[in-house]
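The values are calculated or read from the model by the stated rules, or taken from the named source; none is laboratory data. In this text the structure is predicted, and so the values were computed from the model without any measurement. Counting neighbours? That spans all protein chains shown, and the Cβs are built from the backbone with ideal geometry, glycine included. These accessible areas exclude ligands, DNA and RNA; they are computed on the full protein's heavy atoms, side chains included. Shrake-Rupley method; radii C 1.70, N 1.55, O 1.52, S 1.80 Å.
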Amino acid sequence: MLTHLFKLIWNKKKQNFLLIMEMLVSFLVMFAVFTLIVYYYQNYTRPRGFEFEKVWAVNYQSPQGMSDKDSIAAFNQSLKQLIKSMPQVENVSFAASNIPFSMSTHNTNVSHEKISEMAHIYAVDDEHKDVLNFNLRSGRWFSRADQGSRETAAVINADLAQKFFGNGQPIGKTIDFEGKKLKVTGVIDDIKDKGDYQGPDNNLFIRIDTSNQAWIGAILVKVKPTADAAFESRLFKSLSNVIRNSSIEIEHLADKRVTKNNLTLVPMIILLVVAGFLIINVALGLFGVLWYNISKRKGEIGLRRAVGASGGSVSKQLVTEALILSTLSLIIGLFFAVQFPLMNVFDLAADTYYIAIACAVAFIYLLVIICSLYPGRQAASIYPAVALHEE
Amino acid sequence: MIRLQNIEKVYRTETVETLALNSISLDVPKGEFLSIMGPSGCGKSTLLNIMGLLDAPSKGGIQIDAQATGNLSDKQLAQFRNQKIGFIFQSYHLINDLKVLDNVELPLLYRSSTAKERKQLATEVLEKVGLSNRVKHFPTQLSGGQKQRVAIARAIVGRPEIILADEPTGNLDSAMGNEIMEILINLNRQEGTTIVMVTHDEQMARKTHRLVRLFDGSQVQ
Ligand SMILES: Nc1ncnc2c1ncn2[C@@H]1O[C@H](COP(=O)(O)OP(=O)(O)OP(=O)(O)O)[C@@H](O)[C@H]1O
Ligand SMILES: [Mg+2]
């Protein structure tokens, strides 16, 4: 029977070529759509790597008019003490303005030996890890012990450590950043500080010491569960009293996260709507072509049944034929699709592509089975004489 | 071999109801060569389709080989058609995307047989109908008479006990028609095949054992 089907397919090669092309294009479109969906889904399910609940952000500029580094440092130190002394406060961290879920970013190329990588740079203090509860994977977060060392202490995320050092030991190694050398003291788990749909990224945390206090642009305050709106206004008042020449603003990271997510959600929803239309389009297109092809074969179906094929065996034949054709087109499609992970196009993880390929293959097969089963069943359910008559 | 009891067939379309067959009762004993005649549209093809289990009657019953067919499942009907009946259609009904040889092999595809057996049997019957030199052709590359002979080869390749032929010589000149008739007569004589043939040709009908005339869906003699 299979030989018979191959003969039939071969004899109709012109018509089948078009069908194969249609399925190929459908597959490639579905591959693109599923890559997108899988990518977003994988990002969404990636662990966040830090805690944002009960963390408040105070936007704050280092006081102007204070040109002396040491006096700025002293001022910041006393500010930190002031906040920390409040009973509702658990911990405080000073950081550059690119705190989690903020609109500001700071990225640049950093390198280790011959490898250069674009990374987000965060200037933060010793308490930052505890305020955001990063998961330390190896080594330690920088601390007062790193004060005055020749190379500024830095912590990187696991992804960047993998890229720079492979499976080797990153702790104690140096990284080049803007002409200076940084020493890696620790590696943390990957974080999603740009929102829930953020893809894998490189993060480099640099220790703030007396020499680079000017980088500070925000204060992160981890508050206790008892902290309420009344406390927030008290905090605001005390800060306003101390920081006289800068406007301050208190935000909750939880709110900033929602805003940030909504911002990335809009283009994503647009893309997914387009993807949805593409899926419908592909489904209808394939359905139409297969349906038309089978309805044109009413006479053949009638004849096969007249000479002894049961309705079931005719249905099976039509589905098998369509599956053979779709397998041919999927083989061609797979050849193109695997180039993406093999050549690392778009810098996505290989498994994103492979999952998308699997989804697209399953989708096309499912569609082909439905599209050939239904019209085939219909054609096979009428009496042979009627099918022959309708030819 | 074939027994029709009070067969009635009504075709319904949106506008009209056609009574294509009106209470036909007919017995075709084993080994008989029966011909059916009648004006165009009188229901000959309809009758043949019902005999061949290609269509269901609106009323009445059909027995083939002493077996009632009314309650057979689709699968059983298919097997019945495959094993017992060879059909020669008025308009050939060849599959244009298959070569002559593959068209002829078709009935064998639906029973247990090897590719080699199929090829051998098909080649044999094609020789019988004088088409040995056309086995690799497609139906579209054949004349009407040649197509008719392919259709005959397909009908006889499975050695059915019954052949139902709907104007097998209708599209052929008299020489070719006689040749086809020879084939059928030989089959009937040598293999004892029961044949029911629809024809417009009195001369052809005279060569058969018995003639049934239809008029407006009813049997007139
Ligand atoms: N599928 C159908 N739907 C509706 N009416 C039909 C159908 N098939 C046949 N008929 C009608 O049934 C009647 C008998 O048709 P049938 O094909 O049996 O005639 P016939 O005797 O074989 O004619 P011919 O000699 O022209 O082949 C005709 O009036 C025809 O219009
Ligand atoms: Mg007719």
Inset, instruction - Could you tell me which of the residues A:Leu318, A:Leu286 is touching a residue at least 40 places away in the same chain (Cβ under 8 Å), open to solvent by less than 20 Å² (accessible area, probe 1.4 Å) and away from chain B (no Cβ under 14 Å)? - result: A:Leu286
Inset, instruction - Could you tell me whether B:Lys30 is open to solvent by 60 Å² or more (accessible area, probe 1.4 Å) and within 10 Å of another protein chain (Cβ to nearest Cβ)? - result: no
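Yes/no per residue for (1) within 16 Å of ligand 1 (Cβ to nearest atom); (2) within 18 Å of B:Gly130 (Cα to Cα); (3) assigned to a helix (DSSP H, G or I):
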| residue | (1), (2), (3) |
| --- | --- |
| B:Arg154 | no, yes, yes |
| B:Leu164 | yes, no, no |
| B:Asn171 | yes, yes, no |
| B:Ala175 | no, yes, yes |
| B:Asn178 | no, yes, yes |
| B:Glu182 | no, yes, yes |
| B:Ile185 | no, yes, yes |
| B:Asn188 | no, no, yes |
| B:Val196 | yes, no, no |
Legend entry - Residues located in segment A:130-149, provided they are closer than 18 Å to A:Lys54 by Cβ and in a loop (DSSP other than H, G, I, E, B): A:Asn133, A:Phe134, A:Asn135
Legend entry - Check on B:Ile50, assigned to a strand (DSSP E or B) and either within 8 Å of ligand 1 (Cβ to nearest atom) or among the aliphatic types (A, V, I, L, M) (or both): no
Inset, instruction - All but one of (1) within 14 Å of chain B (Cβ to nearest Cβ); (2) among the aliphatic types (A, V, I, L, M); (3) surrounded by 19 or more Cβ atoms within 10 Å (Cβ to Cβ) hold for A:Leu24, so report the exception by its number. - result: (1)
Inset, instruction - Out of the residues in segment A:289-315 that are touching a residue at least 12 places away in the same chain (Cβ under 8 Å), open to solvent by less than 40 Å² (accessible area, probe 1.4 Å) and among the hydrophobic types (A, V, I, L, M, F, W, C), state the one that is farthest from the other protein chains (Cβ to nearest Cβ). - result: A:Leu290
Inset, instruction - Please note which helices (runs of 4 or more DSSP H) are completely contained in segment A:325-391 and include at least 1 residues that are surrounded by 15 or more Cβ atoms within 10 Å (Cβ to Cβ) and within 14 Å of chain B (Cβ to nearest Cβ). - result: A:350-381, A:384-390
Inset, instruction - Identify, by number, the condition in (1) open to solvent by less than 40 Å² (accessible area, probe 1.4 Å); (2) within 24 Å of A:Tyr39 (Cβ to Cβ) that A:Asp146 doesn't meet. - result: (2)
Legend entry - Failed criterion for B:Leu72 (all others in (1) within 16 Å of ligand 1 (Cβ to nearest atom); (2) hydrophobic (A, V, I, L, M, F, W, C); (3) open to solvent by 10 Å² or more (accessible area, probe 1.4 Å) hold): (1)
Legend entry - Test: A:Glu232 is assigned to a helix (DSSP H, G or I), within 14 Å of chain B (Cβ to nearest Cβ), among the acidic types (Asp, Glu) and open to solvent by less than 70 Å² (accessible area, probe 1.4 Å): no
Inset, instruction - Exactly one condition in (1) modelled with pLDDT of 90 or more; (2) more than 21 Å from the chain's Cα centre (by Cα) is not met by A:Met118; state its number. - result: (2)
Legend entry - Hits in segment B:54-104 - residues which are among the acidic types (Asp, Glu) and more than 8 Å from chain A (Cβ to nearest Cβ): B:Asp65
